[in-house]
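Asks: I have a structure here, written as structure tokens, and I will follow up with some questions on it.
The values are calculated or read from the model by the stated rules, or taken from the named source; none is laboratory data. Every value quoted in this text rests on a predicted model; they were computed, and no experiment measured them. Here the Cβ positions follow ideal geometry from the backbone for every residue, glycine too, while neighbour counts run over all protein chains shown.
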Amino acid sequence: MNSLGSIRRVFAPWNDPAAKPYIVFERVTKTFGGFTAVNDLSLVIYEREFFALLGASGCGKTTLLRMLAGFEEPTSGRILLDGQDMRGIPPYRRPANMMFQSYALFPHMTVEQNIAFGLRQEGLPKPEIEARVADMLKLVKLGQFARRKPHQLSGGQRQRVALARSVAKRPKVLLLDEPLGALDRKLREETQFELMDLQQELGLTFVIVTHDQEEAMTMADRIAVMDKGKVMQVATPAEIYEAPASRFIADFVGSVNMFEGTVERSDEDGASIAGNDGFSIRTSNTGGAARGSSVAFAIRPEKIRVSSKPPEQTAFNAVAGEIYDIAYLGDMTVYHVKLPSGQVVKASALNAARITNDPLTWQDRAWISFDPDAGIVLTS
Amino acid sequence: MAGPRLDLVRSGCRHRTDELEIGDGQRHDRCDARRRRRGPAKPGVTSLYRVDQPPRHRRSVLLEQLGEFGLDNYLWLTEDPLYLNAYVSSVVIAAISTLLALLVGYPIAYGMARAPAALRPILLMLVILPFWTSFLIRVYAWIGILKPEGLLNQLLLGLGLIDVPLVILNTHSAIFIGIVYSYLPFMVLPLYSSLEKMDHSLIEAAQDLGCRPAGAFWKITFPLSLPGVIAGSMLVFIPAVGEFVIPDLLGGSQTLMIGKTLWNEFFANRDWPVSSAVAVILLLLLIVPIMFFQSAQARAREEGR
């Protein structure tokens, strides 16, 4: 895993101006009747990238994937794959294979026949098909199930068959539509890492559609967060989480506290914000906000400290409230602290020690505080 | 014994022989041949129905007749080629009609299954609608359509497509048309139900893996609709084999089908022993496809998730 991790950090063609885009969506719009599923969307994906389309249901992410696979044609705009315009090219001639959300395994065929289906369509010689099917079965560890029918397999096994079938043809691009949606949590986590390993091993470009932000964060090199047919932000998981572009992204990805306020001072050292909740915030980044503008200061729960005693200074980035709710999750505890203004702030504390020396309980008076570089200023 | 009376019953046979308007002539002397072969008449199953026996005798007569239970009448069926021909001809006509019904019904069912969901109940209704009219009336209506001066010929003559009226009525074609028309809903409904529940993403998956739409149909859609194909075919084939009304009304006199033969044996010949044998053989003949149908259904249920 470590070696893979280091490869993944080095891999960043989106920062390289010379890198040639592999998949290009150029001002793509798709309407169904009066409903606009994808709205004037432009997006670039690079070769060998693990790219995630993240969004709530109905945001247009699946439509985007289906247009790439060839099941839908864009109403306007164009899609390029490896430099080739995909307009009018039917799905059976596109170098992209899809793994369906329902898996869409052929129920009347065995596992083997399912995997061999695409290879048979290519008209490969029989020994070659057999060899490739055997390879695929080994890859997804389903050798002993080769002659079973899909209905004799568990959900996880079916998912692997679907995966093997879609990569058997060695497509240039693998499209995954909510590939782990039907699996239970533990299996899903395992499979996420397997998918990542597979992508590294095969050197394919993966485009995955998911509504599960954790899944997208775990697997993807970059994430496009979509809403109402538009891309809101395209960035690496860390950027999306730590530097969301807007209130929507900050709220959509992970858990966040937002303090609305007005910028009092903004310079290269940072900004001061008069929070509407009656405490002042100092932050080392300004988010480009001008003096006097009203902004949101967003801060993640794990970056907020909770204590029963007041912090060293209480002039800024600190406020007292009352413990309103406690969620003990084992690895961490999430405190909901109600401020005098009525806003409830979420703060999570890692349970590094088995027994805490500063026990907080319901209705306790508690201080929350954070560092100047812990949050981010959002203008939109 | 009931000798003379039986002779009376048998005499119905001679009657009918005179009335029959049979083209091949082979049936004219059948009754006499049958009587000669059997010698003096033996009581058949028919005599069970005679009510003029004194009550105390009835039980003993029944036992006596049960004791005389034999395969004579079945053997008789093998000696006269008429019966074999009728069975074969019925099975062939039913098989061809079933195939035609499948060819007509599959596109209908496919179209219905692919129609917008809001339209499907209406289409389903249209398929079932003919059942609201009597079967007999619908078959009679086809006489009006198919006869030489009927609607079809008038239309084709009017359009100038033909110069001489087509002879359809009283031919095998008319029987095929009649059976396909009458039993089409039994073909369409099972096909529709198996096509409708099919996941469309399977077709997309096949295309995604490099299969053209026509190939996807033969490799995915058709094999998955096989339970419907088998169910529909059996629902058409089984009643079509024993069909009596359609060949009688549309097929004319030269059509040989077992349903018609059976009717003649029962009501024209009044030879109940032989007609019972004909019916039992027909039943046995149909049990095979019915069992096939049942096992196919069971398998489909087992495989269904």
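Asks: Would you mind telling me which numbered condition in (1) within 14 Å of chain A (Cβ to nearest Cβ); (2) in contact (Cβ under 8 Å) with a residue 60 or more places away in the chain residue B:231 fails?
Replies: Unmet condition: (1).
Asks: Here is a further query. Taking residue A:202, is it surrounded by 16 or more Cβ atoms within 10 Å (Cβ to Cβ) and either in contact (Cβ under 8 Å) with a residue 12 or more places away in the chain or within 16 Å of residue A:162 (Cβ to Cβ) (or both)?
Replies: Working: surrounded by 16 or more Cβ atoms within 10 Å (Cβ to Cβ): no; either in contact (Cβ under 8 Å) with a residue 12 or more places away in the chain or within 16 Å of residue A:162 (Cβ to Cβ) (or both): yes.
No; evaluated as a whole, the condition is false for this residue.
Asks: Does segment A:55-73 contain any residue that is touching a residue at least 40 places away in the same chain (Cβ under 8 Å), under 26 Å from residue B:206 (Cα atoms), in a strand (DSSP E or B) and in the same structural domain as residue A:215 (by TED's automatic domain parsing)?
Replies: Scanning segment A:55-73, I find no residue that is touching a residue at least 40 places away in the same chain (Cβ under 8 Å), under 26 Å from residue B:206 (Cα atoms), in a strand (DSSP E or B) and in the same structural domain as residue A:215 (by TED's automatic domain parsing), so the answer is no.
Asks: Across segment A:136-156, what is the number of residues that are surrounded by 14 or more Cβ atoms within 10 Å (Cβ to Cβ) and away from every other protein chain (no Cβ under 14 Å)?
Replies: Matching residues across segment A:136-156 total 7.
Asks: So is residue B:124 over 21 Å from residue B:260 (Cβ atoms) and within 20 Å of the chain's Cα centre (by Cα) or not?
Replies: Working: over 21 Å from residue B:260 (Cβ atoms): yes; within 20 Å of the chain's Cα centre (by Cα): no.
Against the criterion (over 21 Å from residue B:260 (Cβ atoms) and within 20 Å of the chain's Cα centre (by Cα)), residue B:124 does not qualify.
Asks: In this structure, does residue A:370 turn out to be touching a helix residue (DSSP H, G or I) at 6+ places or on another chain (Cβ under 7 Å), within 21 Å of residue A:269 (Cβ to Cβ) and surrounded by 14 or more Cβ atoms within 10 Å (Cβ to Cβ)? Walk me through it before giving the result.
Replies: Details: touching a helix residue (DSSP H, G or I) at 6+ places or on another chain (Cβ under 7 Å): yes; within 21 Å of residue A:269 (Cβ to Cβ): yes; surrounded by 14 or more Cβ atoms within 10 Å (Cβ to Cβ): yes.
So residue A:370 fits the description; yes.
Asks: Let me ask you something else. Evaluate segment B:186-196: report whether one residue or more is at pLDDT below 90, of a type in the set (Asp, Glu) and out of contact with any strand residue (DSSP E or B) (no Cβ under 7 Å at 6 or more places or on another chain). Please lay out each step first, then the result.
Replies: Going residue by residue through segment B:186-196, those that are at pLDDT below 90 are none.
Within segment B:186-196 (the criterion being at pLDDT below 90, of a type in the set (Asp, Glu) and out of contact with any strand residue (DSSP E or B) (no Cβ under 7 Å at 6 or more places or on another chain)), the answer is no, since none of the residues qualifies.
Asks: I need the helices (runs of 4 or more DSSP H) fully contained in segment B:243-305, keeping only those with at least 3 residues that are closer than 30 Å to residue A:107 by Cα and over 20 Å from the mean Cα position of the chain (by Cα). Outline the logic, then answer.
Replies: Numbers: elements: B:245-250, B:258-263, B:272-303.
Qualifying helices (runs of 4 or more DSSP H): B:272-303.
Asks: Same structure again: Exactly one of these conditions fails for residue B:95: (1) closer than 18 Å to residue B:257 by Cα; (2) surrounded by fewer than 18 Cβ atoms within 10 Å (Cβ to Cβ); (3) at pLDDT below 90. Give me its number.
Replies: (3)
Asks: If you check residue B:188 against the conditions, is it away from chain A (no Cβ under 14 Å) and more than 30 Å from residue B:216 (Cβ to Cβ)?
Replies: No: the conditions fail for residue B:188.
Asks: Go through segment A:290-304 and report how many residues are surrounded by fewer than 17 Cβ atoms within 10 Å (Cβ to Cβ) and either touching a residue at least 60 places away in the same chain (Cβ under 8 Å) or within 25 Å of residue A:335 (Cα to Cα) (or both). Full working, then the answer.
Replies: Filtering segment A:290-304 for residues surrounded by fewer than 17 Cβ atoms within 10 Å (Cβ to Cβ) gives A:290-294, A:302-303.
Narrowing the set further to residues that are either touching a residue at least 60 places away in the same chain (Cβ under 8 Å) or within 25 Å of residue A:335 (Cα to Cα) (or both) leaves A:293, A:302-303.
Residues that pass the stated criteria total 3.
Asks: Where the second residue is surrounded by 11 or more Cβ atoms within 10 Å (Cβ to Cβ) and the first is assigned to a loop (DSSP other than H, G, I, E, B) and lies in segment B:105-119, which pairs have Cβ atoms under 7 Å and are six or more apart or on separate chains?
Replies: B:115/B:123
Asks: Can you name the number of the only condition in (1) without any contact (Cβ under 8 Å) to a residue 40 or more places away in the chain; (2) more than 30 Å from residue A:166 (Cβ to Cβ) that residue B:210 fails?
Replies: With respect to (1) without any contact (Cβ under 8 Å) to a residue 40 or more places away in the chain; (2) more than 30 Å from residue A:166 (Cβ to Cβ), residue B:210 is out only on (2).
Asks: Could you please let me know if residue B:224 is at pLDDT 90 or above and over 30 Å from residue A:93 (Cβ atoms)?
Replies: Details: at pLDDT 90 or above: yes; over 30 Å from residue A:93 (Cβ atoms): no.
So residue B:224 fails the test.
Asks: Please work out which residue is nearest to the other protein chains (Cβ to nearest Cβ), limiting yourself to segment A:45-68 and to residues that are of a type in the set (A, V, I, L, M) and under 14 Å from the mean Cα position of the chain (by Cα). Step through it out loud before you land on a result.
Replies: Within segment A:45-68, the subset of a type in the set (A, V, I, L, M) is A:45, A:52-54, A:56, A:64-65, A:67-68.
Going one step further and asking which of them are under 14 Å from the mean Cα position of the chain (by Cα), we end up with A:52-54, A:56.
On the way: A:52: 20, A:53: 18, A:54: 22, A:56: 22 Å.
Going through the qualifying residues, I end up with A:53.
Asks: In the set A:342, A:287, A:321, which member is crowded, with 17+ Cβ neighbours inside 10 Å and within 15 Å of residue A:257 (Cα to Cα)?
Replies: A:321
Asks: Looking only at segment A:149-197, which residues are touching a residue at least 60 places away in the same chain (Cβ under 8 Å) and part of a loop (DSSP other than H, G, I, E, B)?
Replies: Of the residues in segment A:149-197, the ones touching a residue at least 60 places away in the same chain (Cβ under 8 Å) are A:162-163, A:165-167, A:169, A:171-179, A:181-182, A:193, A:196-197.
Answer for segment A:149-197, where residues must be touching a residue at least 60 places away in the same chain (Cβ under 8 Å) and part of a loop (DSSP other than H, G, I, E, B): A:169, A:171, A:172, A:178, A:179, A:181, A:182.
Asks: Counting only residues that are over 21 Å from residue A:235 (Cα atoms), give me the strands (runs of 3 or more DSSP E) lying completely in segment A:250-312 with at least 3 of them.
Replies: Numbers: elements: A:257-267, A:270-275, A:280-283, A:294-299, A:305-307.
Ranges flagged: A:257-267, A:270-275, A:280-283, A:305-307.
Asks: Which of the residues spanning segment A:74-122 are surrounded by fewer than 17 Cβ atoms within 10 Å (Cβ to Cβ), under 26 Å from the mean Cα position of the chain (by Cα) and more than 9 Å from every other protein chain (Cβ to nearest Cβ)?
Replies: Across segment A:74-122, the qualifying residues are A:78, A:80, A:82, A:95.
Asks: Further question on the same structure: For residue B:237, work out the one condition from (1) touching a Lys or Arg at 6+ places or on another chain (Cβ under 9 Å); (2) more than 22 Å from residue B:112 (Cα to Cα); (3) surrounded by 21 or more Cβ atoms within 10 Å (Cβ to Cβ) it doesn't fulfil.
Replies: For residue B:237, the exception is condition (1).
Asks: For segment A:230-249, which residues satisfy the criterion of being over 16 Å from residue A:303 (Cα atoms) and either assigned to a loop (DSSP other than H, G, I, E, B) or in contact (Cβ under 8 Å) with a residue 24 or more places away in the chain (or both)?
Replies: A:230, A:231, A:234, A:236, A:245, A:246, A:247, A:249, listed by residue number.
Asks: Pull up segment B:191-226, narrow it to residues that are of a type in the set (Asp, Glu) and within 14 Å of chain A (Cβ to nearest Cβ), then point me to the one that is nearest to residue B:245 (Cα to Cα).
Replies: So the residue we want is B:199.
Asks: Right, next: Yes or no: segment B:189-199 includes at least one residue that is among the acidic types (Asp, Glu) and touching a residue at least 40 places away in the same chain (Cβ under 8 Å). Spell out the reasoning first.
Replies: Taking segment B:189-199 first, the residues among the acidic types (Asp, Glu) are B:196, B:199.
Next, from what is left, pick out any that are touching a residue at least 40 places away in the same chain (Cβ under 8 Å): B:196.
Within segment B:189-199, one or more residues are among the acidic types (Asp, Glu) and touching a residue at least 40 places away in the same chain (Cβ under 8 Å).
Asks: Mind checking which residues of segment B:269-299 are farther than 22 Å from residue B:82 by Cα, surrounded by 12 or more Cβ atoms within 10 Å (Cβ to Cβ) and small (Gly, Ala, Ser)?
Replies: B:296
Asks: So residue A:4 ticks every box in (1) modelled with pLDDT of 90 or more; (2) not in a loop (DSSP other than H, G, I, E, B) but one. Which box is left unticked?
Replies: It is condition (1) that residue A:4 fails.
Asks: Follow-up. Given the structure, is residue A:71 within 11 Å of another protein chain (Cβ to nearest Cβ), over 29 Å from the mean Cα position of the chain (by Cα) and aromatic (Phe, Trp, Tyr)?
Replies: Criteria not met by residue A:71.
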